[in-house]
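The structure appears right after this line, and notes come after that.
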Amino acid sequence: MIALTGVAKRYPGAHEALRDVNLQVERGELVLLTGPSGAGKSTLLKLIAAIERPTAGTVIVSGQNVARLSKRAIPYLRRNFGLVFQDHKLLYDRSVFENVVLPLRVAGFDGREAASRVRAALDKVGLLGRERANPIALSGGEQQRVCIARAVVHRPSIVLADEPTANLDAAYAREIVSLFGAFHQVGVTLMVATHDVATFAPLPSRVIELYNGALTP
Amino acid sequence: MRAWLAQHGFALRDALGRFGHHLLPAVFNVVVIGVAVSLPLSLYVAVKNLGAVTGQLDAEPQLTLFMAPDAGPEEAEAVGTRLAQHAAVGKHHFVPKAEALDGLKRNAGMAEIIDNLGRNPLPDAWIVSGRGGDPAALEALRREAAGWPKVDHAQLDTAWARKLDTAVRVGRAVTLLVAGLLAVALAAVTFNTIRLQILTRREEIEVSKLIGATDGFIRRPFLYFGLLQGIVGGLAACGLVWGALATLEAQVGPALLALAPDGGLMGLEAREAAAVLAAASGLGWLGAWLSVTQHLWRIG
């Protein structure tokens, strides 16, 4: 599903964020990326979602070399992903519903079908009653669940999550983990960058450790 | 197809929503665009009305053929025959020297001077108006008639008509120039409006890109906004011009109507108003497109 070969990433004027990374992720697998801050976890996810381009190597997602994708093709690649961000990246000038419907609008869904999908996604994350609320009125854990609803509303085959449980207390974090467990059960491929492998312990996962931009054997 | 329609519907609703959301700035923008468009538009209407007046008066320029002082009635009659047969001549009539003198005497103070002269200094003359009011044809006739026997002098009385015609031409050129300048201004106003909108919606644009929005998707609501703003601004301009014409007719009233050829001022025809709306919306769209494209490129 995802294959990285000889991947390196160097930011201009900075250190090498990733060095010779080789990694295979199978369809339906749950992979935890761990390692200290600055080890390159976020960079790795960004390369897979074509938010950044590698300085060397190939990044293959569903048979496509993401590193060589044209600028016009990138939006269509991104629609295969559900992205969960540490800082949620919610839009606070609109309701929860409007936030979650965004990926459907982007893909050209509108009207009743979109509304029913949004409600299904909000139901999954336990926020069905809050669709009219402004995200700012929600707790940190609830905001993260809105972010997850937005990531899965268009039923992506791959979910990439960057520190989804950071800044959340243990109870909220466990809710998030059980949500990921549910996606894993329906066959979604999951890559989660986290400091906190212990919280994800209940899930059958493969743990990959990054250190200074390289995979530790 | 359905997805395409849905996306356009969404973009249009988004643009309309933004209009409603920021009503006061939107109204001010529309006023700015309306005033900017109404300037060349009123010039256009003024020139159009003036042009209609000169078009009517263009038939009037006259050619005067002064006979030589020693020319007799037969020679004058010969010129009359030539004029009657000439293709460029519309109407012509003869003014004998005695009649011309009588006319002159009717002017206050002239009678005494003329009596003192003792003889009639005026020549016989033919007054000719051209067929179709083409000044160039009349000018050609003037040159031709100047060479006829016993025609002393041929004078074309079109100086003032030419001046008016030139004024109309200058008016048209000025209208075009002002229209060009204000077209740039309209695009610039839209550019700036959209720039401000993009700055306040930067986060939304970034998130949309992350979840797979194409540049077209992001651009679309802004383009609709520019288009709508242009249309509403164009409507405002048409309204302003219409209001100005109505006020003018009410104020100056009958005096103006006597001047105007069809008994009233010409306003904007439907197809002219449509052209104004098309131009204003097109320029709004262009300003929005330039703004969004430039900023999308910067956001990367």
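The values are calculated or read from the model by the stated rules, or taken from the named source; none is laboratory data. Treat the numbers as computed from the prediction; the structure is a model and nothing was measured. Here the Cβ positions follow ideal geometry from the backbone for every residue, glycine too, while neighbour counts run over all protein chains shown. Note: accessible area is taken over every heavy atom of the protein model, side chains too, but ligands, DNA and RNA are not part of it. Shrake-Rupley method; radii C 1.70, N 1.55, O 1.52, S 1.80 Å.
Could you look through segment A:62-83, keep only residues that are in contact with a Leu (Cβ under 7 Å, 6 or more places away or on another chain) and either in a loop (DSSP other than H, G, I, E, B) or more than 10 Å from every other protein chain (Cβ to nearest Cβ) (or both), and pick out the one that is least open to solvent (accessible area, probe 1.4 Å)?
A:Val66
Identify all residues within segment B:189-218 that are assigned to a helix (DSSP H, G or I) and either in contact with a Pro (Cβ under 6 Å, 6 or more places away or on another chain) or open to solvent by 50 Å² or more (accessible area, probe 1.4 Å) (or both); write none if there are none.
B:Phe191, B:Asn192, B:Arg195, B:Leu196, B:Leu199, B:Thr200, B:Arg202, B:Glu203, B:Glu206, B:Asp215
If you go through segment B:220-233 one residue at a time, do you hit one that is within 14 Å of chain A (Cβ to nearest Cβ), farther than 13 Å from B:Phe19 by Cα and open to solvent by 30 Å² or more (accessible area, probe 1.4 Å)?
Looking only at segment B:220-233, we keep the residues that are within 14 Å of chain A (Cβ to nearest Cβ), and these are B:220-221.
Then keep just the ones that are farther than 13 Å from B:Phe19 by Cα; that gives B:220.
Those left that are additionally open to solvent by 30 Å² or more (accessible area, probe 1.4 Å): B:220.
The answer is yes; a qualifying residue exists.
In contact with a strand residue (DSSP E or B) (Cβ under 6 Å, 6 or more places away or on another chain) and within 14 Å of chain B (Cβ to nearest Cβ): is that true of A:Ile148 in this structure?
Taking the combined requirement at face value, the residue satisfies it.
If a residue has to be modelled with pLDDT under 80 and open to solvent by less than 40 Å² (accessible area, probe 1.4 Å) to count, how many in segment B:112-128 make the cut?
Here the count works out to 1.
Looking at segment A:24-47, is at least one residue more than 13 Å from every other protein chain (Cβ to nearest Cβ), assigned to a strand (DSSP E or B), open to solvent by 60 Å² or more (accessible area, probe 1.4 Å) and out of contact with any helix residue (DSSP H, G or I) (no Cβ under 8 Å at 6 or more places or on another chain)?
Yes, that holds for at least one residue.
Restricting to segment A:141-158, count the residues that are under 21 Å from B:Ala213 (Cβ atoms) and either out of contact with any Lys or Arg (no Cβ under 6 Å at 6 or more places or on another chain) or assigned to a helix (DSSP H, G or I) (or both).
12
Of the residues B:Leu210, B:Leu290, B:Leu228, which single one is in the same structural domain as B:Ser38 (by TED's automatic domain parsing), within 30 Å of A:Leu45 (Cβ to Cβ), modelled with pLDDT of 85 or more and not small (Gly, Ala, Ser)?
Residue meeting the stated conditions: B:Leu210.
Answer with yes or no whether B:Arg195 is within 30 Å of B:Gln62 (Cβ to Cβ) and more than 21 Å from the chain's Cα centre (by Cα). Talk me through it step by step, then tell me what you get.
On the way: within 30 Å of B:Gln62 (Cβ to Cβ): no; more than 21 Å from the chain's Cα centre (by Cα): yes.
Spelling it out, it is not the case that B:Arg195 is within 30 Å of B:Gln62 (Cβ to Cβ) and more than 21 Å from the chain's Cα centre (by Cα).
With respect to B:Leu181, is the statement that it is surrounded by 17 or more Cβ atoms within 10 Å (Cβ to Cβ) and either without any contact (Cβ under 8 Å) to a residue 12 or more places away in the chain or over 22 Å from B:Trp285 (Cβ atoms) (or both) true?
No, not satisfied.
Using beta carbons and a limit of 7 Å, which pairs, at least six apart or on different chains, have the first residue in segment B:8-26 and surrounded by fewer than 16 Cβ atoms within 10 Å (Cβ to Cβ) and the second one modelled with pLDDT of 85 or more and not in a helix (DSSP H, G or I)?
none
Got a sec? Which of A:Leu102, A:Leu138, A:Leu127, A:Leu91 is open to solvent by less than 30 Å² (accessible area, probe 1.4 Å), at pLDDT 90 or above, within 9 Å of chain B (Cβ to nearest Cβ) and more than 17 Å from the chain's Cα centre (by Cα)?
Details: A:Leu102 fails: more than 17 Å from the chain's Cα centre (by Cα); A:Leu138 fails: within 9 Å of chain B (Cβ to nearest Cβ); A:Leu127 fails: within 9 Å of chain B (Cβ to nearest Cβ).
The unique qualifying residue is A:Leu91.
May I ask you to list the residues in segment A:95-121 that are out of contact with any His (no Cβ under 8 Å at 6 or more places or on another chain) and among the charged types (D, E, K, R)?
Across segment A:95-121, the qualifying residues are A:Glu98, A:Arg105, A:Asp110, A:Arg112, A:Glu113, A:Arg119.
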